[in-house]
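The next block holds one structure in the form of C-alpha cells; read it before the comments.
The values are calculated or read from the model by the stated rules, or taken from the named source; none is laboratory data. Only a predicted model underlies this, so the values are computations on that prediction, with no experimental measurement involved. Positions of Cβ are backbone-derived with ideal geometry, glycine not excepted, and every protein chain shown enters the neighbour counts.
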Amino acid sequence: MAELKILGIGVLSWMVFLPVLGMIIVLALPKSQTKAIKYIAAGFMVLLMFISVYMLANYDSSKAGVNSLEGLQFVEKVTWIDVDFPAAMIGKIHIEYFLGADGLSFPMVLLTALIGFVGAVASFSIKKNEKGYYAMYLFLITGMMGTFVALDFFLFFVFWEIMLFPMYFLIGIWGGERRLYAAIKFFLYTLFGSVFMLIVMIALFFSSKDPQTGLHTFNLITLMNPQTFPPESFFGVLGNTWRLLAFAGLFIGFAIKVPVFPFHTWLPDAHVEAPTAISVILAGVLLKLGTYGLIRISFPIFPDAARYFMYPMAILAAINIIYGALCAMAQKDFKKLIAYSSISHMGYVLLGMASLTTIGMNGAIFQMFNHGTITAVMFLMVGVIYDRAHTRGLYDFGGLANKMPKYFAVTMIAFFASIGLPGLSAFISESFIFLGGFNNEIIRIVTIVSATGIILNAAYILWTVQRVFLGELPTKWDGLNDISVRELISSVPLIVIIIALGIYPSLFINLMSNSVTQLISFIMK
Amino acid sequence: MEFALKFLPLAILIIPLVSFLIIIFFGKRLPRQGDWLGTGFLFLNLFLSLYVFIAFMSLGNYSITYDWFSLGANETKFTVGFVVDQLSAVMLIVVNLISALVHLFSVKYMEGDSKYSKYFAYLGLFTFSMLGIVITNNLLLMYVFWELVGLSSYLLIGFWYEKKPPQEAAKKAFIVNRIGDFGFLIGIMIVFYFIGNFAFSEIFSGISSGKIPSGWLTAAGILLFCGAIGKSAQFPLHTWLPDAMEGPTPVSALIHAATMVAAGVYLTARIFIMLSADALTFVAFIGAITAFIAATIALTQNDIKKILAYSTVSQLGYMIMAIGVGAYSYGVFHLVTHAFFKACMFLGAGSVIYGMHHIQNISEMGGLRKKMPITFVTFLISTLAISGIPFTSGFLSKDSILASTMAFGSINGGITIIIPIIAFLVAGMTAFYMFRLVIKTFLGEPRNKEKYDHCHESPLQMTLPLMILSGLSIFFFYSFNPFGAEGGWFINVLKSPESLLVGTKGAIYHIVSREEFHEALHHAHYPAMILSLVLAGLGILISFVFYFWNKVDTEKLKKALNPLYKFSLNKWYFDELYHYTAVSFVMGLSALASLFDKYVIDGIVNGAAYLTVKLSDFGGLFDKYVVDGLVNFTGGTVWVFGMILRKFQTGRVQTYIGFLVFSIVLLYFIFRWI
Amino acid sequence: MEITLYHYLTVGAILFSLGLYAMISRKNAIMILMGIELILNACNLNFIAFSKYGGLGVDGQLISIFVILLAVAEAAIALAIVLNIYNNFNTANIDEVDSMKD
C-alpha cells in the first residue's frame, strides 16, 4: 500500500480533481477572455502530464496489485459515506473513497493524461462559447480519470456517470449538423448499459459480506475475494446462474462503451458529429473504459463466468474485427471510416482478453494504449483536413501527398501503425493478441478467422490513402496549407510514442506485465 | 578483432537505416539531395559484407542474440538476434552489391525527378529491411522485416503516385502480400504454440526432439511457406509482381527481380530442414506450377518489363521447386546467379527505356544493337545465362536444378515425374521468350525510326553496373568447371543442411538423406545436361526462325492458335478471376455489412427509440386524460371551494375585524353550549 | 340607586361596542381612529372601575394613565399617516388606498 503525496494530498486525488480546479477557474473567468481560458485549460493538462510523469518515476512495476491490497500503489482510502440504517434489511452502508493504481490502470492513467493534453491543444480551433467548452472538457477528464483509479464500485459508478454528462453537452452543443441525434443516442445507449451495471452493483453489495468487518461492501478488492460471498448469498456458489447472469449484465454495460457488436452504432454517429478534440478523447480514452471495466471488475469478480463466456466473447470479438473492417471499407466519409476502424481495433482488444492467456491479455492492454494513441492521431488528421476543406468525403480529395507533404507523412505513420506495421507499436500488441488467442485451444479457430482482419485492414487503409493522398490534386484544393505548428504539437508526441513503443515495447510492457500475470493466474485458478 | 567482427552484421544492417533517416529528414538540404550519401553508404556496406563473408569462411557460423523484451518475470522472452551462416553471408553480399549498383544506376536514371531525394531514402529503407530478413535469427523478427520490405516495396512501386496505375499496383502488391503474410503469421503462431520461442535454433532443436506433432508440422511448414508464396509471387498470388513494374525500373531490378522477391526463396531455404515431406511436396508443386504458368504468359507479352517480370516469376518458381525437391544448395545458388543476371537485364531494360525516352513496347524497338552496344552485350550475356547456355552462371545453377528434378523424379516415381517434365519444358520456353525479347529489341531493323534516331547509349553511371553484373554471370566466379557446379567452391560454401525429418514419408514423396540424393543426382547429371542444352538450343532456334529470319508468319500462327494465344496474352485471366471472385466478394460483403449496420442495427436502435417515443406519447395521453383528469378533478373541487372562500378574503382590515368579533361571539356561544 | 361595578362595566361595554362599530363600519380613517379612541377609553373606564371595586387598587389608575399616554402617541402618528395619505391620494377613505394590493 504505497502512498505518494503532493502537498499532503495523494497524487491520484490530484490527478482526478485538478481538472475540477481548472474548471472552477475557467468558470470564474469572464466569457470574453477566450485566450486565457484556452491556455489555462491546456496548462492544467500539462500539469496533469507532469504529475503523471512524477508518478511514473515513483511507480514500482514489480508490484502486481489486481486483487492484493499490498500490491496497489498510490493508494488513498478514506471513508466517504457511512450510514447506519436501523432497518435490518440494509444494515450499515459503508462506502469508501478508495483510489489506487496498478498495472491494469496505471497505463490508462498515463493515456488519459496524454490524450487529455492532446485534446486540449486540438480544441484550440473551437470558436463557440469557449468557456463552457473548456469547463465541460475539464470535467470530462475528471470523470475518466476517476473511473480509471476508483477501486470502490460505488465510486467507480459515480465517475462513470459523471463522464456522461459533459460528453453529452460536448457533442450536443459543439458538434456537427446532426449533433443532437448523436448526443442523445450516445447518452441513451450508455445509460442503458449503466442500468445493468447498477443492478449488478447493488446485487453484489447485498450478497457480499466483508470477511473482516462482516459488512456489505463496494470495495472491489474485497469483492474479488471469493470468501466475501457467503455460500447462501446470490453469488456464493462459483459458476451458479446468478454469477453468470451478473457477468452478462456487466458485460453489456461495458460492451456498450467498447463498443461491441451489436451495441456499436452510437460510435460512428458520435464520432462523426463530435468536434475533433472530442473524437480524439472518445476514441483515445473513453472506449478503453469499457475494456478496462472488464478486466478491473468483471473478470476478477466473476472469474468462473469469464472462463464460461470465453468463447462467446471471442466470437463477438471476431465479429467486431471483421464486421468493423468491412463496414469501414464501405464508408465514404473519412471520419466514419476511422470510427469503424476503431470498432475493428477494439475487437482485437476483446479477443486478447477473451483468450485469458498472459500474452493475449498483455497484448490487449497494450492494444488499448496503442489504439488510443494511433486513433487519436488519425482523428486529429481528419480534423486538420476538415478544418481546411470543410468536407470529409473521401472522394472529394486526391493528390494531397504533394500538396501537404508533412501532413501526408504524419498520416501515413498513423495509418501504417493502424494496420500493424512492424516497428510501430500496434504490431506488437496485435501479434500478442493473436499469439494469445492461438495459444488458447478453445478459441483458436476464432483467432485464425479474426486474423483475416489484418488483410481487410490493409485493404481499406491503403484504399483510403489512394483516394485521399495519391493521384492528381483537384484544382479546388490549390489553396490548402500544410499542417500547422499547433497541429504538429498535438500529433507529433503521439507519433514519437507510437514509434518508440514499436521499437522498444519494454517501456510499456514492464508497467503491466506483473499485474497481468497476476490477473491471469487469479482468473485461471 | 573477433569482437568487432561480431558487431559487423549489426553495422551492416544499421548503415542503410541511417542513410534512410538522414535523407528523409535532410535530403532536400543536402548537396545533390543526398544521392552520394546513400550510394556511398551502400558501397561501404558492400565492402563490410565482403569482409564478413571472408571472415565467415574461416570462422564458421556464429550468431548473436539480445533480449528485446519479456513478459512477466518467468514468462516468454522475446529476443532479437543475428546469425551469420552460409545462407546469410552469401545473401549479404548479393543484396548489398545489387543495391549499391542500383543506387549508382539510379543517380542518372532518376535525375531530375521531383522526389529524387525521397527515392534514395526509400532505397535505403528497403535495403535495411532486406538485410534484416537476411541476417535475423528468429521467425518473429523475420516477419517484422518481411512487412517492412513490403512497406518499402509499396512506397517504391507507387513512387509515381500521381498516375493511376502505380497507385493500383502498389496497393495490390501490399494487399496480396498481406494474404500471404496471413498464412505466415498463423504458421508462426503454430510454431510458437509448440515451441514457445521464435529463434530458429530453438525451433529446429524443438522439432528434432519431436515437440511438434507431424500433422501440425506439415501445417506449420505450408503456412510459413504461404509467406513465401506472397513475397516470391508464387501461384496463386503471383499477380502482383507484373503489375509492380509500374515502379521505376531500377527499383524493379533491385526489389522485384533480385532481392525482395527472392526473400520468399530465402525463407523457404531457412525453414527447409523443418519442412515435412508433404510440405515439401506442396512447395515443389507450387514452384513447378508457377514456373510453368509464368513462362507461358511471358511467351506473348510485348512490354519489355512485363516479359522480364514473368520470367522472374518463372525463375522464382524454379528456385522454390528446387528447394521443394530437396536441392537446397541449387535453389539458393540459382537465387544468387539469377539475382545478378536478372538485375542486369532489368537495368539493361532501364537503359533501353532511358535511351528510347520511355518506350517500353518491344514491337516499337529493334536494331538497338548499333546504338547501344554496351547495353546489348551485357543484356545478351545475361540472356545466355538465363537460357542456360554453357560458360554462364545460369547454366551451372539451372542445369543442377534440372538434374535435381530428374533425381527427384527417379527416387519417388509416380506423379512426381511431372516436376522434371515441367522443369524441362520451362527451360525451353525460357530460352525462346528471352531470345524473342533480345531479337525484337536489339537485332533486325528499327521499327520506330524517329525514336531510334534519338536513341543513344547510356552514360557510364548506368553502363558500369551493367558490366559488373554481366561479368558476374560468367561461370568462373562460381566454379572453375564450366560444365558442373558440383565441386565448385560456391556450392561447397552453400552446403545443404540435413533435413530434420530424413526418412519420413509423405503421401507421394519421402525425404531422403543428402547422400542418397547425391547418388541419384549423379546419375541424372549428364542426361539432364544434354536434354537441357537441346531444349534451350531448340528454343533459341525457334525464336530466331520466328523473329529474326521471319520464316514463319507469326500473325498467322497467332490466328491459328487464337484461344491459346489470347489465354497467354491475358495472363490466364487471373486478374479477372480474382476481380470477379475475391475482390467483388469482399466489396459486396463490405457494402452489405454497411447496409446492415445502417438499416438493420441502427434500424432496430432507431425503431426502439421510435417505439419509446410512441409509447411515451400514449403515456402522455393517459396522463393527460386519466391521471391528469383525476388531478384536475381534485384541483377543481378545491378551486370551487377556494372561489367561495376567497370572498372572505377582502383585504380589508375592517372586514377581518368584523369576522373576528363575529367569531368570538360564536365561540362564546359554542363554549357555553358545551 | 347605588352605582355599582356593573354600571361602570355596562357603560364601558356600550362605549366599546360603539367604538367597534365605528371601526368596522366607517370608511373614513379619522372616524376609525375615533372608534379606536372610544375602545381605548372603554378600557380605561374598566381599569378605573376595577381599581375601585376590584382588587387592582392604584395600579388600575396607573395603567389607565399609561393607556391615555399610548393613545396620544398613537393618535399623533396615525393622524400624521392619515394626513400623508390624504396628501397623496386626496382622500381619507381607506378603501381607495389600495395601491399595494395590486
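In region B:130-166, of all residues being at the interface with chain A (Cβ under 9 Å from one of its Cβ atoms) and touching a Ser or Thr at 6+ places or on another chain (Cβ under 6 Å), the one that is nearest to B:Leu224 (Cα to Cα) corresponds to B:Phe145.
Checked against the criterion of being of a type in the set (S, T, N, Q), away from chain A (no Cβ under 14 Å) and more than 16 Å from the chain's Cα centre (by Cα), the candidates B:Thr249, B:Thr239 yield just one match: B:Thr249.
Do you know which residues across region A:14-58 are among the polar types (S, T, N, Q) and under 20 Å from the mean Cα position of the chain (by Cα)? A:Ser52 - this is the single residue of region A:14-58 that is among the polar types (S, T, N, Q) and under 20 Å from the mean Cα position of the chain (by Cα).
Residues of region B:480-511 that are outside any loop (DSSP other than H, G, I, E, B) and over 29 Å from the mean Cα position of the chain (by Cα): B:Trp489, B:Asn492, B:Lys505, B:His510. Looking at B:Phe145, B:Phe184, B:Phe174, B:Phe126, just one residue is modelled with pLDDT of 90 or more, of a type in the set (Phe, Trp, Tyr), within 28 Å of B:Thr463 (Cβ to Cβ) and surrounded by 22 or more Cβ atoms within 10 Å (Cβ to Cβ), and that residue is B:Phe126.
For region B:207-218, indicate whether the set of residues that are in contact (Cβ under 8 Å) with a residue 60 or more places away in the chain, buried (at least 24 other Cβ atoms within 10 Å of the Cβ), assigned to a helix (DSSP H, G or I) and not charged (D, E, K, R) is non-empty. Yes, because at least one residue in region B:207-218 is in contact (Cβ under 8 Å) with a residue 60 or more places away in the chain, buried (at least 24 other Cβ atoms within 10 Å of the Cβ), assigned to a helix (DSSP H, G or I) and not charged (D, E, K, R). From the list B:Leu267, B:Leu308, the one residue that fits, being modelled with pLDDT of 90 or more, surrounded by fewer than 24 Cβ atoms within 10 Å (Cβ to Cβ) and part of a helix (DSSP H, G or I), is B:Leu267. For region B:409-421, the criterion of being surrounded by fewer than 22 Cβ atoms within 10 Å (Cβ to Cβ), under 21 Å from B:Ile540 (Cβ atoms) and either among the hydrophobic types (A, V, I, L, M, F, W, C) or in contact with a Phe, Trp or Tyr (Cβ under 8 Å, 6 or more places away or on another chain) (or both) is met by at least one residue. Of all residues in region A:352-381, those satisfying the criterion of being assigned to a helix (DSSP H, G or I), away from chain B (no Cβ under 13 Å) and of a type in the set (A, V, I, L, M) are A:Met353, A:Ala354, A:Met368, A:Ile374, A:Ala376, A:Val377, A:Met378, A:Leu380, A:Met381. Give the residues of region B:167-187 that are touching a residue at least 24 places away in the same chain (Cβ under 8 Å), facing another protein chain (nearest Cβ under 7 Å) and more than 13 Å from the chain's Cα centre (by Cα), sorted by residue number. Within region B:167-187, B:Leu185, B:Ile186 meet the criteria.
For A:Leu220, the criteria (1) away from chain B (no Cβ under 14 Å); (2) in contact with a helix residue (DSSP H, G or I) (Cβ under 6 Å, 6 or more places away or on another chain); (3) within 30 Å of A:Ala182 (Cβ to Cβ); (4) not polar (S, T, N, Q) hold in every case but one, which is (3).
Taking the conditions exactly as written (under 25 Å from A:Ala318 (Cα atoms) and out of contact with any Pro (no Cβ under 9 Å at 6 or more places or on another chain)), does A:Asn481 satisfy them or not? So A:Asn481 fails the test.
Of the candidates B:Ser99, B:Ser58, B:Ser88, B:Ser106, the single residue that is part of a helix (DSSP H, G or I), in contact with a Pro (Cβ under 7 Å, 6 or more places away or on another chain) and either in contact (Cβ under 8 Å) with a residue 24 or more places away in the chain or over 13 Å from B:Pro9 (Cβ atoms) (or both) is B:Ser106. Could you check region A:214-235 and list, in sequence order, the residues that are within 21 Å of A:Val66 (Cα to Cα) and in a loop (DSSP other than H, G, I, E, B)? Residues satisfying the conditions are A:His216, A:Thr217, A:Phe218, A:Asn225, A:Phe229, A:Phe235.
Among the residues of region B:45-91, those that are more than 14 Å from every other protein chain (Cβ to nearest Cβ) and surrounded by fewer than 17 Cβ atoms within 10 Å (Cβ to Cβ) comprise B:Phe47, B:Leu50, B:Tyr51, B:Ile54, B:Met57, B:Ser58, B:Leu59, B:Gly60, B:Asn61, B:Tyr62, B:Ile64, B:Thr65.
Looking only at region A:164-222, count every residue that is touching a Pro at 6+ places or on another chain (Cβ under 8 Å) and of a type in the set (Lys, Arg) and tell me the total. So the count comes out to 1.
Look at region B:594-607: where a residue is facing chain A (nearest Cβ under 8 Å) and a partner is of a type in the set (Val, Ile, Thr) and surrounded by 13 or more Cβ atoms within 10 Å (Cβ to Cβ), sitting 6+ places away or on another chain with Cβ atoms under 6 Å, you get B:Ile601/A:Thr265; B:Asp602/A:Thr265; B:Val605/A:Thr265. The criterion of at least 1 residues that are under 30 Å from A:Arg486 (Cβ atoms) is met by the following helices (runs of 4 or more DSSP H) wholly inside region A:401-461: A:405-418, A:425-439. Just one of the listed residues (A:Ala277, A:Ala246, A:Ala270) is under 19 Å from the mean Cα position of the chain (by Cα), away from chain B (no Cβ under 14 Å) and part of a helix (DSSP H, G or I), and it is A:Ala277.
For the residues A:Ile322, A:Ile315, the requirement of being touching a residue at least 60 places away in the same chain (Cβ under 8 Å) and within 14 Å of chain B (Cβ to nearest Cβ) singles out A:Ile322. Screening region B:543-623 for helices (runs of 4 or more DSSP H) wholly inside it with 2 or more residues that are of a type in the set (Val, Ile, Thr) returns the ranges B:602-622.
The set of residues in region A:319-351 being outside any helix (DSSP H, G or I) and either at pLDDT 90 or above or in contact with a strand residue (DSSP E or B) (Cβ under 7 Å, 6 or more places away or on another chain) (or both) consists of A:Lys332, A:Asp333.
How about region B:565-593: which of its residues are exposed (fewer than 12 other Cβ atoms within 10 Å of the Cβ), more than 13 Å from chain A (Cβ to nearest Cβ) and either at positive phi or of a type in the set (Phe, Trp, Tyr) (or both)? Across region B:565-593, the qualifying residue is only B:Tyr580. The set of residues from region A:419-430 being small (Gly, Ala, Ser) and surrounded by fewer than 24 Cβ atoms within 10 Å (Cβ to Cβ) comprises just one member, A:Gly423. Considered as a group, the residues in region A:435-454 that are without any contact (Cβ under 8 Å) to a residue 60 or more places away in the chain and out of contact with any Lys or Arg (no Cβ under 7 Å at 6 or more places or on another chain) include one that is farthest from the other protein chains (Cβ to nearest Cβ), and that residue is A:Ile445. Of all residues in region A:400-432, those satisfying the criterion of being within 11 Å of chain B (Cβ to nearest Cβ) and closer than 20 Å to A:Ser513 by Cα are A:Leu424, A:Phe427, A:Ile428, A:Glu430, A:Ser431, A:Phe432. Within region A:455-474, being within 9 Å of chain B (Cβ to nearest Cβ) and either surrounded by 22 or more Cβ atoms within 10 Å (Cβ to Cβ) or small (Gly, Ala, Ser) (or both) holds for A:Leu456, A:Asn457, A:Ala458, A:Ala459, A:Tyr460, A:Leu462, A:Val465, A:Phe469, A:Leu470, A:Gly471.
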